[in-house]
């Protein structure tokens, strides 16, 4: 298994940097091409958020409300065996009109996907429910899985 943090000081020439550097570890990996990865899909694809970019609604600061929104989705594992969850891969689907839709999951396009890494791996048992919280704060997307 690969990890995105310093797990020991063995390869750091004796410098004890793990406590400092791990505070700044990336929790989102961008530009993933899901079609090239060896992975196991644990749930069916699920809509996390809907953003209406045409909305004229504003918050108390006068900013569009889609810049600060939150959604909680419950999904259930479709696997018949135990597995470990270490990331949630996500992509965007843009509906331009009723007949024109663009997906960043489409392998024929230059767009890629992204993944939100799980800080502490989650052991997922048969048909276990996972709670996914998606939150946009000041225009930045954050995803939490429990």
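Here, each number is a calculation from the coordinates, and none is a lab measurement. Here the structure is a predicted model, which is why all the values come from computation and not from measurement. Using ideal geometry, Cβ is built from the backbone for each residue, glycine included, and neighbour counts are taken over all protein chains shown.
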### Task
Express in whole angstrom the spacing between the alpha-carbon centres of segment 106-146 and segment 11-30.
22
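When only Cα pairs under 8 Å and 6 or more residues apart are kept, what is the percent relative contact order across the chain?
Details: 217 pairs, mean separation 40.0, N = 146.
Computed value for the chain: 27 percent relative contact order.
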## Note on the structure
Ranked from fewest to most other Cβ atoms within 10 Å of their own Cβ, 83, 13 fall in the order 13, 83
### Interatomic Cα distance distribution for segment 15-101, bins of 5 angstrom, percent
2, 8, 13, 15, 16, 16, 13, 9, 5, 2, 1, 0
#### Entry: Candidates 17, 42, 32, ranked by Gaussian network fluctuation over the chain, Cα under 10 Å, top entry
17
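Rounded to the nearest 500, what is the 222 nm mean residue ellipticity of the chain from helices alone, with -39500 (n - 2.57) per DSSP H run of 4+ residues and division by all residues?
Working: 1 runs with 4 residues, N = 146.
My calculation for the chain gives -500 deg cm²/dmol from helical runs alone.
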## Note on the structure
Options [x] 2, 6, 4, 5, 4, 5, 4, 4, 4, 4, 3, 4, 3, 3, 3, 3, 3, 3, 3, 3, 3, 2, 2, 2, 2, 2, 2, 2, 2, 2, 1, 1, 1, 1, 1, 1, 1, 0, 0; [y] 2, 11, 20, 24, 21, 12, 6, 3, 1, 0; [z] 2, 8, 13, 17, 17, 16, 12, 8, 4, 2, 1, 0 are given for P(r) over Cα pairs in 5 Å bins from 0, in percent, and the computed one is [z]
